[in-house]
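Here's the structure we're looking at; comments come further down.
Please treat every number below as a calculation from the coordinates, not as lab data. Given the structure is predicted, the values throughout are model-derived calculations rather than measurements. Cβ sites come from the backbone with ideal geometry, for glycine too, and all protein chains shown count toward neighbours.
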Amino acid sequence: MPDIVLQTRDLVRVFGGGRTLFMGKKPSVYAVRGVDIAVRKGETLGVVGESGCGKSTLARMLVGLDRPSAGDVTVSGEPLNDLLSRDRHALSRRIQYVFQDPISSLNPRKLIRETLSAPLCYLRNLSGQALTDRLEELMDCVNLRPEFLDRYPHEFSGGQAQRVGIARALAAEPEIIVLDEPVSALDVSVQAQVLNLLDDLKKRFGLTYIFISHDLSVVEAVSDRVAVMYFGRVVEQAAGQALFVAPRHPYTRLLLDSAPVPGKRGLQVEDANAELPDPMAPPPGCAFAPRCPYAQNDCRKKVPEADFGMDNHAAACFHPLGAMT
Amino acid sequence: MSNPAATAKMAAKPRKSSARPSAFKLLARNHLALLGAVILAGVIIVALITPWLPLTDPDATDPANRLLRPLTDGHFLGTDHLGRDLLSRLLWGTRVSLAVGISASLFAAVFGSAIGIISGYFGGRTDNVLMRGIDMVMAFPYILLALAIVAALGPGLMNALYAIAVVNIPFFARNIRGVTVGIAHREFVDAARLSGKGHIRILLSEILPNVMPVIVITMSTTVGWMILETAGLSFLGLGAQPPQADLGSMLGEGRKLITTALHLSAIPGGMIFLLVMSINLLGDGIRDVLDPRLKSGALARPAPVTRIDRSKTMTNGNVTDANPNINSGRDPILSVEDLRTEFVLGDDVYKAVGGVSFSVGRNECVGLVGESGSGKSVTALSLLGLVASPPGTIVGGRVMLEGRDVFDMRESEIRAIRGGRAAYVFQDPLSTLHPLFSVGDQLVEAIRAHNRVSYKDAWAKAVSLLRMVRIPNPEQRADSYPHQLSGGMRQRVGIAMALANEPELIIADEPTTALDVTVQAQILKLMNNLRTEHGTSVLFITHDFGVVSEICDRVAVMYAGQIVEMGTTQQVLQQPAHPYTKRLIDCVPRLGEAKRDVAAIPGLPPAVNNLPAGCAFAERCDRADDTCRAGAVALDDLGAGHAVRCLKPMGGEDA
């Protein structure tokens, strides 16, 4: 499939592990336990999950800030590891990243001009007048006035700082932008401004987004396809609204039921004091089984697999919802 | 005024100098530091101009005039055992000691910081190798190490300088490494990496500017120590070699004659004292100025109760709302009238809460909704005088808790109410729970602060509280420490603590914002159940209308320090009357309505130190005209407990 620009195969990231000085085994934690996702050119893939599900680790591996322990990532067919070892600038020219906390992703002691110049200088080899022109063009893209270039980050509000973060990602002229919770640190009235801006930029520059968030309603609003992650794995993936209209995985159902909606009362709450499994001692079967109202014996023995294609609706569950009823 | 460019323009306007005092002003405010600076400047100036002063040669011996007392003719400070002029030797010696001390500091700072930054940034094996090396240097007694270095290189001032510098490298390396570790994992370093910067560029242009203040602080506090160490080595005869004068060697020579000519050792000793003291005083001052925590006033001890000064606002003609007590008709347990809280920073007055009135009825849950900076949290903290003072002051209003004004109470009475009749639940339980005590012990403390019960009884109560908030295995969980619990469990502990003394009112400040949705749903259900079971009233502060509809009976929407709309949850959500409320509800994507356009609110909320004369929302409102901007708008009663602060409220037709 030639139009797939980013694909992961069985991506795993383990933290810790190895041996201590006295040959004892160090404990290891699987943050990502085998993730397969693929993104087509020009689409937005939403990745939803709660804290600790591995979505940020996944995002960092996609842009080369972290190396996978196993499995691989390919960018337009080229393995990411090859790209990284040959020239990490080449990767940064293709994939960029927008951070969650807009203020802390800007160096407090540097002017916005210096921060934004870095990708232009080192990735696009601009200098002199060309650099100045491009800086102003970028500020214009994200609806900030050029005077803002000569300010320090603490003089910005969260929404403005996030625009700078987006401008920095755009500066490298990437094909793909990984957005890691880009609006969750912002006030609700500013969230919408940034979401609309992202939408405009995508149309204007033909960008491909991987939009990571814990907020189902935001993901629903921006994504062409959605993947739900739980405990380091993708548990459900579907195109369009299918996942929100008829979720197959009980975890997705739970997420949807837990989100409070303005004007509605009466959330569905799980009975038990359900928690994430202990990452140090993961359950042998489906990670969601201990919380799952539909779990049966087979769920606790074997990890359910699913064939996540491009446009099908698949859930990694032995007893998916909808099939039973 | 609703295009995005206008957004930028609006925010671009208030660019003025920082409200905080300048670094020099801060330093000058510290009188001891100023004294140190003046003395040090005096000594340095004298040391610098020494070559041009009309002094006799410091090394010229004159055995005829040996051991003259101070104030003799021609020798102001007398002469030493070889008849050399003491004043001249003192000034030349100070010059040498200062030069050696400062250069040794610089040397140690450069090498120590370089080691610290590199090992902090790269971490892992690099860090291990470098830091174990530093540990070995630290494990030697410093004077032994210095002696060994001097012994190897031979005595002499330069070798003493190297020795002292090397001995002090670990101090810098350790300090700087600690700071670097904190900075190296910040997001802007990752961002720089993705911008195509290499390791060396990141170290020099991203990390170094951020650790510079720490390097300066460390240097300012070590220069004095270095001068002492130089003097120590010279005193032992390993530093400056005769006939060259430096303060340590002068002291060493004077020691032999201390019984016959005290001034020989007293004068250089006094100079060492003066120099080191002034440097240390100044160093402390510099540290206080550069340390961001000290700068923000975080280390200033806040008063136990927010400062209350209601003299100004009692009489002036503020718009007071005609009907401040729009409530559900239930017997109010808490009633807030025209509450005003201000923060004074430099010359700016931030009116964080500008006249807020509302009430909470018995067994009612009232939501206080707003964006950050709207004043909702400051309102909540003001209720029991918990706003940090300085800089906060309550400048007006009353908080009636069961018929008594909290602000008229004595400090001890307010303390008895906190955690007693009214309890708080905060957003982040990890930062509100003490990390070093088990949750059971913390609950016991909360119980025993208000009741005279034995530890054992209190522990039993603590376990039953944990059971009440549905923590599994409460007997064992009471022994856990906060870091051993998940976010949801910690928030349950926070709620259990609030419930410890059966409060009538719980003030919950964004209690679920830091939690995952599935956990949030659990906590909301728990709070709802507790409310029904115990008849508690809740003031629930949040920014999420979804949460509001789940738990609140009535809602007050805040904007720029004022309540702009108040009513039952249904009224406010179904028929919002204020344009801000309507737009705030509409700008959030809703689950299951992905096709709905998300309408952003243009612009930013006004800064509360620079509020407009009229409606604070007028700049962002498409219905606003000149009357809106003319003057303050009063809260207008729409009937049935619904009130709005708007001249052009939205009617049924466009809501």
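Please report the antiparallel percentage of DSSP beta bridges with both residues in chain B, rounded to the nearest 5. Please report the intermediate quantities before stating the final value.
Numbers: 33 of 54 bridges.
Around 60 percent antiparallel, to the nearest 5.
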Normalised by the number of residues in region B:89-295, what is the relative contact order in percent for Cα pairs under 8 Å and 6+ residues apart?
-> 28
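Would you kindly work out the equivalent ellipsoid of region B:89-295 from its C-alpha gyration tensor and give its semi-axes, the square roots of five times the eigenvalues, largest first in whole Å?
Numbers: eigenvalues 287, 71, 29 Å².
One finds semi-axes of 38, 19, 12 Å for region B:89-295.
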In whole angstrom, how far apart do the alpha carbon centroids of region B:479-511 and region A:143-216 sit?
-> 35
Tell me, what ³J(HN,Hα) does each residue in region B:186-197 have, in order and in whole Hz, if you take phi through Karplus 6.51 cos²θ - 1.76 cosθ + 1.60 with θ = phi - 60° and put x for Gly and Pro?
-> 6, 5, 5, 6, 4, 4, 5, 4, 6, 7, x, 7
Quick one: which residues, 5 or more positions from A:V5 or on another chain, have an amide H under 5 Å from its amide H? H modelled 1.01 Å from N in the peptide plane, none for Pro or chain starts.
-> A:V39, A:R40, A:K41
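Give the percent of DSSP beta bridges with both residues in the protein assembly as shown that are antiparallel, rounded to the nearest 5. Don't skip to the end; give the middle numbers.
Numbers: 58 of 97 bridges.
Taking every DSSP beta bridge with both residues in the protein assembly as shown, the antiparallel ones total about 60 percent.
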Given H placed on each backbone N at 1.01 Å, which residues far from A:V142 in sequence or on other chains put an amide H within less than 5 Å of it?
-> none
In sequence order, what are the phi-derived ³J(HN,Hα) couplings for region A:53-64 according to the Karplus relation 6.51 cos²θ - 1.76 cosθ + 1.60 with θ = phi - 60°, rounded to whole Hz, with x for glycine and proline?
-> 8, x, 5, 6, 4, 4, 4, 5, 6, 5, 9, x
Measure nothing but the geometry: give the 0 to 90° angle between the long axis through the Cα atoms of B:487-499 and the longest principal axis through the Cα atoms of chain B, rounded to 10°.
-> 70
Size of charge dipole - chain B - debye, nearest 20, with Cβ of Lys, Arg +1 and Asp, Glu -1, no other charges = 620
Chain A: relative contact order from alpha carbon pairs under 8 Å, six or more residues apart, as a whole percent, is 20
Please turn the phi angles of region B:162-167 into ³J(HN,Hα) values with the Karplus equation 6.51 cos²θ - 1.76 cosθ + 1.60 (θ = phi - 60°), one per residue in order, whole Hz, x for glycine and proline.
-> 4, 4, 5, 4, 4, 4
What residues qualify as long-range amide H neighbours of A:D66, i.e. H under 5 Å apart, gap of 5 or more or another chain, H built at 1.01 Å from N?
-> A:M61
Efficiency of FRET from Cβ geometry, B:A99 and B:Y481, R₀ 51 Å, rounded to 0.05 | 0.45
Region B:377-429: which trypsin sites (Lys or Arg not before Pro) are DSSP loop and have at most 11 other beta-carbon atoms within 10 angstrom?
-> B:R410
Using Cα pairs closer than 8 Å and at least 6 residues apart in sequence, work out the relative contact order for chain B, in percent.
-> 12
